[in-house]
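Scroll down for the structure; my scribbles are underneath it.
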Amino acid sequence: MATTHEPAAGTLSALLQEDRRYPPSDAFKAQANWNDPAIYQRAEADPEAFWAEQAKAIDWFKPWDRVLDWNVPEAKWFVGAQVNASYNCVDRHIKSWRRNKAAIIFEGEPGDARVLTYRDLYREVNRCAAALKRLGVKKGDRVAIYLGMVPELAIAMLACARIGAPHTVIFAGFSADSISDRVNDCGASFAITADGGWRRGSKIPLKDTMDRAMESCPTIQKVLVVNRTDDARQVPMKEGRDVWWHRALEESGAEIVEPEALDAEHPLYILYTSGTTGKPKGMLHTTGGYLVGTACSHKYVFDLKEEDVFWCTADVGWVTGHSYIVYGPLANGAACVMYEGSPDYPDKDRFWSIVEKYGVTILYTAPTAIRTFMRWGKEYPAKHDLTSLRVLGTVGEPINPEAWVWYREVIGLDRCPVVDTWWMTETGQILITPLPGITVLKPGSATFPFPGVKADVLDENGKSVPLGSGGYLVLQRPWPAMARTIWGDPERYKTQYWTRFPGNYFAGDGAKRDDEGYFWLLGRVDDVLNVAGHRIGTMEVESALVSHPAVAEAAVIGISHEVKGQALAAFATLRGGFTGDPAMVETLRNHVGEKIGAIAKPDKIFFTSELPKTRSAKIMRRLLRDIAEGKVLGDTTTLADPTVLASIKQQYEESE
Ligand code: WTA
């Protein structure tokens, strides 16, 4: 069972001293999609009616019989309705003037650019869907997608959605082992990848990694391969398995594949995320409710207008890209920027040059990125005209007030509202967030639950804490884009999220409400870390470490990091005959890179002759965290051997 620890207390008091307030300007308020706070009461009075109202923004092939069937923890939204996500994101827009509106404005890292109008997107999605069908993909088959940030990624997802084949997108930074774990867990029978992708001026060999993964993926029948880096001749194609994307789509010609009329609860995708065990969880999202939740939140949280140019800088390999690069924005017929590469290539002003080049009006990024930009200096944004921007958003981790204010002043030129949006892979849609035309903002606070969403902060015993105190964040009512289960493991879904506080969704985040009821998110309270906005389970990294022959035992904890929010520190005990020297640190870091991916490489590795354990042999991570945070050690009386700590502490301090 996962351990939970108290929400961090230090950050808490610092946050509550924050007394700056940013009300919406009169001009912003006047034009906002929602500017009347009565929306909260209206939604609260009848949440199902509220969501049914929002559902009108989606085109349904068949209307629903009931808005919601709720038997904790099983939710069915828009029961009996038929719908198709690809139809909503593409087909319906080509029936209006939007057919020639930009859907995807793609900027490649090397500087190449491509604009796909909704009509272009329609053609490509159809051609891809036709190719998938010819290769044998059927409704219900799982398709694994391992691509960098190129338009083909969105096209492939929409093509899968069109024929009712759930996709599982695997972040392009994941290793071969991570790919095969995911493919095998969901039994995917088809895969889509590219010869490579561009990152910081280099080619990332996606196909090589995919080929290594495929050695242990017996279910995969065909692999479609996008030619992104023109490495066509160097990439070996496996006879009978690998097919070039461009050839397959050429063969499709102008074929149109009618979108399947799918049940509202038909699986749209599976997305793996880290939990408190060594095994990632395949969160299952379904179609109708997900479209309603993402389209509605996208429209009102970002105050989307027809003329906006929306740029979410996340990777589509994570949920933020699924919900706010692909499904939400495209369902809304928005013009979306998609950038392939790194923010510092060729120089540290790349983001700002993209904002200027395309006249981006809404920017959605992560606190880690903002802190990185702060460190690089104001001179980079100052080189560019950022006056097109009108709304700024952040997601993925708590944002410190200093970074929030910098974002508003330096990027938003002190006039754009900043929306700090809290949500998770599991929630599918933004749940705690300001509404920019209504909310008086406080830097560092995600403010209030979205209309129709009910959240609370509970103590250990499940009692709601009074305003001004902290505890565990829970959601007390279902919402349309919520994950329906963990693929293949409904029991884990139930115990993980719905049993700690029966009837409540347990988010795993600490939170506090101030005396005005604003929510302040305080980070994870379980063994999940948030490193540069990426979710990583300590157990995953520990199992990667112990899979190396030199390691007998390992414990991984999160340490605070100025830019990344959190970083990973590992404590390892080596087997006899191995030495804990700098070469071993590198070996183990690389080993974790091979096992999971570069994002999971620990920043620091310490070697200890023993780990602090209870008499029942449980590793006491809490004590390791105390050492790392320089705190006076907590209760050590339950330790089997108290001297172990002194030696670890000394080593840690020497390394600082
Ligand atoms: C954290 C990303 C504070 C939180 C959409 C959550 C945040 C985890 C915020 C989910 C925020 C996300 N303020 N913390 N605005 N947004 N988080 O699944 O700890 O990658 O549990 O989804 O990120 O991460 P995930």
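We did not get these values from a lab; they are worked out from the coordinates using the rules stated. Bear in mind that the values here come from a model prediction, so they are computed numbers and not experimental data. A quick note on method: Cβ atoms are made from the backbone with ideal geometry, for glycine too, and the neighbour counts reach across all protein chains shown.
See the values below:
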| quantity | calculated |
| --- | --- |
| FRET efficiency for T614 and M374, using Cβ-Cβ distance with R0 set to 35 Å, rounded to 0.05 | 0.25 |
| Dipole-positive endmost among Y493, W77, V556 within the chain (Cβ charges, Cα centre) | W77 |
| Cα-based Lys pair tally, segment 548-655, threshold under 17 Å, eight or more apart or on separate chains | 5 |
| Whole-angstrom Cα spans of segment 548-655 along principal axes, big to small | 38, 37, 25 |
| Contour excess over end-to-end distance, with Cα ends at Q234 and E255 and 0.36 nm allotted per residue | 4.5 nm |
| Difference of contour (0.36 nm per residue) and Cα-Cα distance, R622 to T587 | 9.9 nm |
| K56/E307 FRET efficiency (R0 30 Å; Cβ-Cβ; nearest 0.05) | 0.85 |
| Computed E for Q650/L413 - FRET, C-beta separation, R0 41 angstrom, nearest 0.05 | 0.25 |
| Per-residue ³J(HN,Hα) for segment 482-493, Karplus 6.51 cos²θ - 1.76 cosθ + 1.60, θ = phi - 60°, Hz, x for Gly and Pro | 4, 5, 8, 5, 9, 3, x, 8, x, 5, 5, 4 |
| In Hz, Karplus ³J(HN,Hα) per residue of segment 83-96 (6.51, -1.76, 1.60; θ = phi - 60°; x = Gly, Pro) | 7, 9, 5, 5, 4, 5, 8, 10, 4, 5, 6, 7, 8, 10 |
| Beta bridges by DSSP in the chain, antiparallel share as percent, to the nearest 5 | 60 percent |
| The chain - Debye-derived log10 I(q)/I(0), Cα point model, q = 0.05, 0.06, 0.08 Å⁻¹ | -0.22, -0.32, -0.58 |
| Simple label model, 7 Å out from Cα along Cβ direction - R492 to T643, nm | 4.1 nm |
| Gained length - D26 relative to K203, 0.36 nm times residue gap less alpha-carbon distance | 58.9 nm |
| Estimated [θ] at 222 nm from DSSP helical runs (n ≥ 4, -39500 (n - 2.57)) normalised by residues in the chain, nearest 500 | -8500 deg cm²/dmol |
| Cβ-based exposure ranking for E516, E340, in which fewest neighbours within 10 Å come first | E516, E340 |
| Which listed pairs, of K76/K139; K76/K494; K357/K442; K203/K348; K281/K494; K56/K454, have C-alpha distances above 24 Å, in listed order | K357/K442 |
| Sorted by Cβ neighbour density within 10 Å, fewest at the top, the residues K299, K139 | K139, K299 |
| Alpha-carbon centroids, segment 362-423 and segment 157-200: separation in whole Å | 31 Å |
| Relative contact order %, the chain, counting alpha carbon pairs below 8 Å whose residues are six or more apart | 15 percent |
| Cα gyration tensor, segment 445-489 - rounded (a/c under 1.5), prolate or oblate | oblate |
| Global geometry of segment 246-315, whether rounded, prolate or oblate, following the gyration tensor of its Cα atoms and the 1.5 cut on a/c | oblate |
| Anchor K29: aspartates and glutamates whose Cα lies under 13 Å away (excluding residues fewer than 8 positions away in-chain) | D303 |
| Cα gyration tensor category, rounded, prolate or oblate, for segment 196-291 with a/c compared to 1.5 | oblate |
| Those aspartates and glutamates that a straight Cα-Cα span of less than 17 Å connects to K95, excepting residues fewer than 8 apart in one chain | D59, D120, E124, E258, E306 |
| Least to most buried among L624, L147 (fewest other Cβ within 10 Å first) | L624, L147 |
| Value of relative contact order over segment 422-492, rounded to a whole percent, pairs C-alpha under 8 Å and six or more apart | 28 percent |
